[in-house]
């Protein structure tokens, strides 16, 4: 599942990790991304030390046997972690889906961490590029979920995703125990406080968001990428 930052991707990982037939992995390209970009993320040295920095070895693990002998391997990926130097062909051997969120909501959250993010920081251009590559490569439109739709009706939207993937929906996807997971990345202590307190998808609460003028051009660029996928969302 390809998501940008400041989305419900970790809650989605909790949902899939609560299935009895699914193994999960948390942002496996993060260490490579930080080593290559030196972005000043919290715990950068710890993330690099704990993760695999050779993207080729990461890919080998992602396309290899499912951990624990499970049937399904849910891979939580950040779109901006798939740097241009990483080959794409291996993606054609996986079943890919996309998790999107309106850029106004993403940016309102992101600027609490980075005052002036670049387009690449938001993950929107990369998400659009990966989506277009896969659509052309496979001749099929990958499933797309909008975060707002999921929060408004988790049962329906997860059911639609399972149908699109050809697997059975499990009620266990709708709730989980609070707290950390062994499968969480070492960066969880910096980013996952709210998810660790959660027991399910929290109801969607629309807000009136006013972005500062300095972000309007960035928002407009991100919106173009978002709308390309939004038109194909499950509904």
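Only one of the numbered conditions (1) surrounded by 15 or more Cβ atoms within 10 Å (Cβ to Cβ); (2) touching a helix residue (DSSP H, G or I) at 6+ places or on another chain (Cβ under 7 Å) is violated by residue 92, and that is (1).
Residues to consider are 215, 174, 211; find the one that is surrounded by 15 or more Cβ atoms within 10 Å (Cβ to Cβ), within 25 Å of residue 125 (Cα to Cα) and touching a residue at least 12 places away in the same chain (Cβ under 8 Å). Please lay out each step first, then the result.
Working: 174 fails: within 25 Å of residue 125 (Cα to Cα); 211 fails: surrounded by 15 or more Cβ atoms within 10 Å (Cβ to Cβ).
Every option except 215 fails the conditions.
The set of residues in the range 34-54 being surrounded by fewer than 21 Cβ atoms within 10 Å (Cβ to Cβ) and not in a loop (DSSP other than H, G, I, E, B) consists of 35, 36, 37, 44, 45, 46, 48, 49, 50. Considering the range 162-171, and only residues there that are outside any helix (DSSP H, G or I) and out of contact with any helix residue (DSSP H, G or I) (no Cβ under 7 Å at 6 or more places or on another chain), the residue that is surrounded by the fewest Cβ atoms within 10 Å (Cβ to Cβ) turns out to be 166.
Is it fair to say residue 137 is farther than 23 Å from residue 215 by Cβ, part of a helix (DSSP H, G or I) and either within 15 Å of the chain's Cα centre (by Cα) or in contact (Cβ under 8 Å) with a residue 24 or more places away in the chain (or both)?
yes
Taking the range 184-217 as the range and being assigned to a loop (DSSP other than H, G, I, E, B) and out of contact with any helix residue (DSSP H, G or I) (no Cβ under 7 Å at 6 or more places or on another chain) as the test, the residues that pass are 184, 199, 205, 206, 207, 208, 210, 212.
Of all positions in the range 61-79, none carries a residue that is touching a helix residue (DSSP H, G or I) at 6+ places or on another chain (Cβ under 6 Å) and more than 24 Å from residue 164 (Cα to Cα). In a residue-by-residue description of the range 89-96, the property of being under 15 Å from the mean Cα position of the chain (by Cα) and closer than 17 Å to residue 19 by Cβ applies to at least one position.
Flag set for residue 31, criterion: in a helix (DSSP H, G or I) and modelled with pLDDT of 95 or more. Answer with yes or no whether residue 24 is at pLDDT 95 or above, touching a helix residue (DSSP H, G or I) at 6+ places or on another chain (Cβ under 8 Å) and part of a helix (DSSP H, G or I). Answer is no for this residue. Residues that are touching a helix residue (DSSP H, G or I) at 6+ places or on another chain (Cβ under 6 Å) and part of a helix (DSSP H, G or I) were ranked within the range 105-119; the one that is nearest to residue 222 (Cα to Cα) is 119. Looking at the structure I just gave you, is residue 67 over 18 Å from the mean Cα position of the chain (by Cα) and either modelled with pLDDT under 95 or over 21 Å from residue 144 (Cβ atoms) (or both)? Considered against the rule, which asks whether it is over 18 Å from the mean Cα position of the chain (by Cα) and either modelled with pLDDT under 95 or over 21 Å from residue 144 (Cβ atoms) (or both), residue 67 comes out as yes.
The values are calculated or read from the model by the stated rules, or taken from the named source; none is laboratory data. For clarity, every value in this text was computed on a predicted model and none was experimentally measured. Glycine also receives a Cβ, built like all others from the backbone with ideal geometry; neighbour counts cover every protein chain displayed.
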